[in-house]
Amino acid sequence: MNWLIVKNDFKRNKAINLALLLFMMFSAGLAVLSVIMGVQTFTSISNLYEKAQPPHFLQMHKGEINLEEIDAFMSEQDGVTYWQTVTMINVHGESLTTAGNNDQFNLSDLRIDIGLVKQNETRDLLVNAKHEKVILGEGELGMPVLLRERYDMEMGDPIILTYNDVQREFVIKEFILDSQMNSPMVSSTRILLNDQDFDMLAEEAGEKEYLIESYFANTNEASNFQTAYENAELPQNGQAVTYAMIFLLSAITDITIVFVLLLVSLLLIMVSFICVKFTIMAALEEDLSEIGTMKAIGLPFEDIRGIYINKYRALALVGVILGYTVALLSSGVFTNHISTTFGDMSMSPLTVILSILVACFTFLLMNLYCKRVLKKINKVTVVDALVTGKGFGKEEDFIKDGLYQSKKLSVNWLMAIREVFYRFKNWIIVFSVVLIAVLMTLVPINLMNTFESPEFITYMGSSLEDILIEVQDGENLESNYERVIEVLESDAGVEGYYEYRRVRVQTMNADNDLMNLHIDSGEHSGNELQYLSGAAPGADNEIAISYLNANEIDKEVGERMVLFYGNEEMEFVISGIYQDVTSGGYTAKSKYDFPELDSEKYSFSVNLQDNTQVEKKADEWSESMGPGANVDPMEEFINQTLGGVVIQLKTIVAAIVIIGVCLVMLITVLFLKLRLAKDLSEIAILKALGFSELDIKKQYMIKIGSVSLIGIIAGIILTRLLGERIVNLVLMISGLGIREVELIANPLVQYILVPLLLLASILSVTWIVLRIIKRYHIISIINE
Amino acid sequence: MKTILKVQDLCKSFGESRVLNNVNFEVEEGEFIAIMGQSGSGKSTLLYSISGMDRPTSGDILLFGNDIAKLDDETISEVRLKQMGFIFQHSYLLKNLSIKDNIVLPGFKLGKLSREEVNQNVDALLVKTGIENVAGHDIKKVSGGQLQRAAICRALINQPDILFGDEPTGALNSSTSREILDIINTINNEGTTVILVTHDVKVAARADRIIFLLDGNIHDKLTLGKYDGIKENTSLREKTLYEWLEIKGF
């Protein structure tokens, strides 16, 4: 019998049941999608890493190299299980020209370093999308997927390499996945060549750079190994990167997206539950007299609830199955970036099992929630249901008298504002959904804006200047340094510059072992960074350390630390702790310049008088300073390092804005339809009194508009209060070296565009739905 | 006397079913008309059609010289606000407003008088109908009689030219009903035209004229003349009306 009732109910309340089904589908679908995204990201990366085997510790080096010395050192290290030294031929973007899609162009705008390599034998392999080792024939070339995305390259496109006097033509045979350099945040990328081609070019073109790669039984040994390696004075003219950093830099884009999707899913699930409650309550109100009658004839609560719970169970089951199916079918779109970056991955059994578990959990949760809401049936009495018509609502305990005291406000505004003010709980659903939509939209928008903002560089351990120059060529370091100084001093366009000298000292870590500390020393060192606590060093005996270093040595601001260098030791006070993602996140800043020590590197932050000339000046200096100095316009540097994340985030943000707008419109329509049905009698009374349809529409527009506005304001406040905490929590978990980011909001977007977009969408659907009022006749209250 | 309502060939159908069939009658200014008939005779439909709350299928309804069936929503709403008052069987007050706020609402909406003046008129009506002591009360906390009096105050706040009533005492006990009818007679004596639908002889006996509907047609009319409130005369009016209705099988 119950199923007959359920069937009839589906026929009778098509719109409400459909809306409910959609919400249940949404909740289940998004929960499943988040799990698929999350698990796929980690399994895909793990799978790629298992096949490609990136190094556990990587030291890049430009200049001369003594392989025997390295081999001798490696063989003496206990934890090292394997090592290799990979040779790269460095070329610049302008050396490569491609001719795809009838359009010939070169890669001169590419700021990251390009290294030509040949395939390794067993480790650090460059693989194709199926994670197979790529073997090329002569004249063939493997292009990193990073560049395919950026330059819209296709298989078979010719690539012409022009370097010094050498010109060779290659054809793109494969797009390769590079487990250690596939992130735009890594400053280099590798192009694979056939062994013979490589050997020939190695003699003819480009300067060489070496990747000294080591593998350990336990990847945690990388940090100790790094100290030992550096102390052995082995080649280290370049970045040193650990396995954990490689993994995180590779995954940051997808981790960010998973995080954003998870946030949106959670918020949407909250909205779904609010709507489920609302629609169930609306259905119960509608069936009030039937429920009263069932109670009057003696049907127990469980039996009455049973009728409804069957319906919601059926809806939840169909909703979850549909949601699961839609999530599975659409997961390809969302995991597209993962498969492009980390290779084609069929869904792992873990993903399937977890997603089914999440779907089942969502179903159970919905069941429980529906059961809880339906408990209200128990509370309503026969008299409430059939005589007083009080229904399921709590006793509306007070009527606020005083409309008659109003002096000026027009009646429509007066009635609408009083309703919103005194009966806010009737509108709480619109308020909550708008608030959630604002939060859901603004946090990713602000995150994207933060990544795009030039100020973000100060969270990354660099100061905010027009141009950054780095000199780190071991043998010619000092002469290169002199040349940079010479150029900067003679250039009238330079407003000012700060120079920093990197030296290496040692200190004790938390376990009382010696560890290396790389200090950027200089008069203004650390001045422009954002500090988590404390401030930049103000005196010679002060030092600021990066967040990761602070963790490593387990010290706080104000504590003392001893630095060992040469045969000396010196005590410093920690003046501040800052976050840093440069140089693996392990850096320090001091005013004291350690004159006894040799420099590892020099860097210059340069400000120009005319900052519209940044690009031009960077190119000019790059030319005049020669290959020993890296000249990067800061904005371009940020664009190229964070550009990938921003592009992905932009796509996601666009999707979220569309979802947010659709969500508020859908909820407004659903809510308003139910609200109008409930207000039928009131509308008819107002019409009978002489209120026109336009008056009534105005009242609803004011009600919905003001509730939405309150929701928007609350959403903005909550975004400001919680947005950063949510983002920082994720950053802290990610261990990227950034613990705290102040979200940089664009006031125009945050305070005007997003609120206006949401408000306009809500009000426009409200106006459309309100056309229904025309169909409400006064006599309907008589026939009710 | 001026004719304020002229109904010509009024027909109203709901789907295939014709409820009103070529109804014709006129109402003069200051008249008190009672519409009577069996259940389903079409009396409420007639009332809603002539008050502009429902649209006729065909025919003309000239109220104050305008064919109200052809007025747009804005205009008919204005007519309702300025010139009409309506009392239903149930009070149909807005449940989120107090008694006084309910009454004040059409006055504020019309905006003809200042808000102070509207408040003064409301206070006077509350006194007149004997509910001044519940003015600020929640409508759920007063009696049915008090609610109906409040509904009358609301219908009168803009001093309408015509007052429509659909069984206005139908849900009240006899003593409250009598008090309400006294108020309606007083209003009528002050010049407001009253048209009521009722099946209660005691209510209809207060009217100047009775229109009897049968199967959607005006079957007969009875003129009783102005009600004077004298007990003997009232009994006589009721007896006359009762006998007239009996002949019609009512």
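Examine region A:318-334 for a residue that is hydroxyl-bearing (Ser, Thr, Tyr), surrounded by 16 or more Cβ atoms within 10 Å (Cβ to Cβ) and at pLDDT 90 or above, and state whether such a residue exists.
yes
So B:Lys109 fits all but one of (1) more than 22 Å from A:Ser410 (Cβ to Cβ); (2) not in a loop (DSSP other than H, G, I, E, B); what number is the exception?
Unmet for B:Lys109, out of (1) more than 22 Å from A:Ser410 (Cβ to Cβ); (2) not in a loop (DSSP other than H, G, I, E, B): (1).
For A:Asn630, state whether it is closer than 19 Å to A:Tyr497 by Cα, under 34 Å from the mean Cα position of the chain (by Cα) and at pLDDT below 85.
Against the criterion (closer than 19 Å to A:Tyr497 by Cα, under 34 Å from the mean Cα position of the chain (by Cα) and at pLDDT below 85), A:Asn630 qualifies.
How many of the residues in region B:76-98 are within 9 Å of chain A (Cβ to nearest Cβ) and not in a helix (DSSP H, G or I)?
Of the residues in region B:76-98, 12 are within 9 Å of chain A (Cβ to nearest Cβ) and not in a helix (DSSP H, G or I).
Here are A:Lys698, A:Lys673, A:Lys687, A:Lys678: which of them is under 37 Å from the mean Cα position of the chain (by Cα), charged (D, E, K, R) and within 30 Å of B:Ser51 (Cα to Cα)?
Just one listed residue meets the conditions, A:Lys673.
Taking A:Ser355 as the residue in question, decide whether it is among the small types (Gly, Ala, Ser) and within 23 Å of A:Leu22 (Cβ to Cβ). I'd like the intermediate steps shown before the answer.
Details: among the small types (Gly, Ala, Ser): yes; within 23 Å of A:Leu22 (Cβ to Cβ): yes.
Yes: the conditions hold for A:Ser355.
Taking only pairs six or more apart or across chains, which ones have beta-carbon atoms under 6 Å, a first residue in region A:550-564 that is within 15 Å of A:Gln506 (Cβ to Cβ) and in contact (Cβ under 8 Å) with a residue 24 or more places away in the chain, and a second residue that is buried (at least 17 other Cβ atoms within 10 Å of the Cβ) and among the β-branched types (Val, Ile, Thr)?
A:Met561/A:Thr507; A:Leu563/A:Val505; A:Leu563/A:Thr507
Of the residues A:Ile70, A:Ile65, which single one is β-branched (Val, Ile, Thr) and either at pLDDT below 85 or over 21 Å from A:Gln226 (Cβ atoms) (or both)? Reasoning before the result, please.
Values: A:Ile70 fails: either at pLDDT below 85 or over 21 Å from A:Gln226 (Cβ atoms) (or both).
Of A:Ile70, A:Ile65, the one residue that is β-branched (Val, Ile, Thr) and either at pLDDT below 85 or over 21 Å from A:Gln226 (Cβ atoms) (or both) is A:Ile65.
Can you tell me which residues in region B:163-185 are surrounded by fewer than 22 Cβ atoms within 10 Å (Cβ to Cβ) and either in contact with a strand residue (DSSP E or B) (Cβ under 7 Å, 6 or more places away or on another chain) or touching a residue at least 40 places away in the same chain (Cβ under 8 Å) (or both)?
Of everything in region B:163-185, those that are surrounded by fewer than 22 Cβ atoms within 10 Å (Cβ to Cβ) and either in contact with a strand residue (DSSP E or B) (Cβ under 7 Å, 6 or more places away or on another chain) or touching a residue at least 40 places away in the same chain (Cβ under 8 Å) (or both) turn out to be B:Glu167, B:Gly170, B:Ala171, B:Glu179, B:Asp182, B:Ile183, B:Asn185.
For B:Met53, indicate whether it is within 14 Å of chain A (Cβ to nearest Cβ) and either over 17 Å from the mean Cα position of the chain (by Cα) or at pLDDT below 90 (or both).
Details: within 14 Å of chain A (Cβ to nearest Cβ): yes; either over 17 Å from the mean Cα position of the chain (by Cα) or at pLDDT below 90 (or both): yes.
Judged against the criteria, B:Met53 is a match.
Among the residues of region B:8-53, write down those that are β-branched (Val, Ile, Thr) and more than 24 Å from B:Asn189 (Cα to Cα).
B:Val19, B:Val23, B:Thr45
Inside region B:104-114, can you point out the residues that are within 7 Å of another protein chain (Cβ to nearest Cβ), more than 24 Å from B:Ser143 (Cα to Cα) and aliphatic (A, V, I, L, M)?
Selection gives nothing.
Looking at A:Glu221, is it in a helix (DSSP H, G or I) and not assigned by TED's automatic domain parsing to the domain that holds A:Thr41?
Details: in a helix (DSSP H, G or I): yes; not assigned by TED's automatic domain parsing to the domain that holds A:Thr41: yes.
Spelling it out, A:Glu221 is indeed in a helix (DSSP H, G or I) and not assigned by TED's automatic domain parsing to the domain that holds A:Thr41.
May I ask you to list the residues in region A:17-34 that are among the hydrophobic types (A, V, I, L, M, F, W, C) and surrounded by 24 or more Cβ atoms within 10 Å (Cβ to Cβ)?
Our first condition is that a residue be among the hydrophobic types (A, V, I, L, M, F, W, C); within region A:17-34, this holds for A:18-26, A:28, A:30-33.
Once the filter is applied, which keeps residues that are among the hydrophobic types (A, V, I, L, M, F, W, C) and surrounded by 24 or more Cβ atoms within 10 Å (Cβ to Cβ), region A:17-34 yields A:Leu20, A:Phe23, A:Met24, A:Ala28, A:Leu30, A:Ala31, A:Val32, A:Leu33.
Before we move on, is A:Tyr592 buried (at least 17 other Cβ atoms within 10 Å of the Cβ), assigned to a loop (DSSP other than H, G, I, E, B), in the same structural domain as A:Leu514 (by TED's automatic domain parsing) and in contact (Cβ under 8 Å) with a residue 60 or more places away in the chain?
Numbers: buried (at least 17 other Cβ atoms within 10 Å of the Cβ): yes; assigned to a loop (DSSP other than H, G, I, E, B): yes; in the same structural domain as A:Leu514 (by TED's automatic domain parsing): yes; in contact (Cβ under 8 Å) with a residue 60 or more places away in the chain: yes.
Judged against the criteria, A:Tyr592 is a match.
Taking only region A:408-427 into account, find how many residues are within 20 Å of A:Lys698 (Cα to Cα) and either more than 9 Å from every other protein chain (Cβ to nearest Cβ) or of a type in the set (Lys, Arg) (or both).
The qualifying residues number 12.
Anything in region B:115-168 that is polar (S, T, N, Q) and more than 9 Å from chain A (Cβ to nearest Cβ)? List them, or say none.
Correct list: B:Gln120, B:Asn121, B:Thr129, B:Asn133, B:Ser143, B:Gln146, B:Gln148, B:Gln159.
Here is a list: B:Asp101, B:Asp73. Which entry is buried (at least 23 other Cβ atoms within 10 Å of the Cβ), facing another protein chain (nearest Cβ under 8 Å) and not hydroxyl-bearing (Ser, Thr, Tyr)?
Numbers: B:Asp73 fails: buried (at least 23 other Cβ atoms within 10 Å of the Cβ).
When all the criteria are applied, what remains is B:Asp101.
Out of A:Lys673, A:Lys697, A:Lys687, A:Lys703, I need the residue that is more than 14 Å from every other protein chain (Cβ to nearest Cβ) and in a helix (DSSP H, G or I). Which one?
After ruling out the rest, the residue left standing is A:Lys673.
Filter region A:663-690 down to the residues that are under 11 Å from A:Ile762 (Cα atoms) and surrounded by fewer than 22 Cβ atoms within 10 Å (Cβ to Cβ) and list them by number.
Of everything in region A:663-690, those that are under 11 Å from A:Ile762 (Cα atoms) and surrounded by fewer than 22 Cβ atoms within 10 Å (Cβ to Cβ) turn out to be A:Met665, A:Leu666, A:Val669.
Quick check on region A:366-389: of everything there that is part of a loop (DSSP other than H, G, I, E, B) and at pLDDT 65 or above, which residue is farthest from the chain's Cα centre (by Cα)?
Among those that are part of a loop (DSSP other than H, G, I, E, B) and at pLDDT 65 or above, it is A:Thr381.
Which members of region B:192-250 meet the condition of being in a helix (DSSP H, G or I) and of a type in the set (D, E, K, R)?
Across region B:192-250, the qualifying residues are B:Lys202, B:Lys231, B:Glu232, B:Arg237, B:Glu238, B:Lys239, B:Glu243, B:Glu246.
The values are calculated or read from the model by the stated rules, or taken from the named source; none is laboratory data. The model shown is predicted, which means the values in this text are computed figures rather than measured ones. A quick note on method: Cβ atoms are made from the backbone with ideal geometry, for glycine too, and the neighbour counts reach across all protein chains shown.
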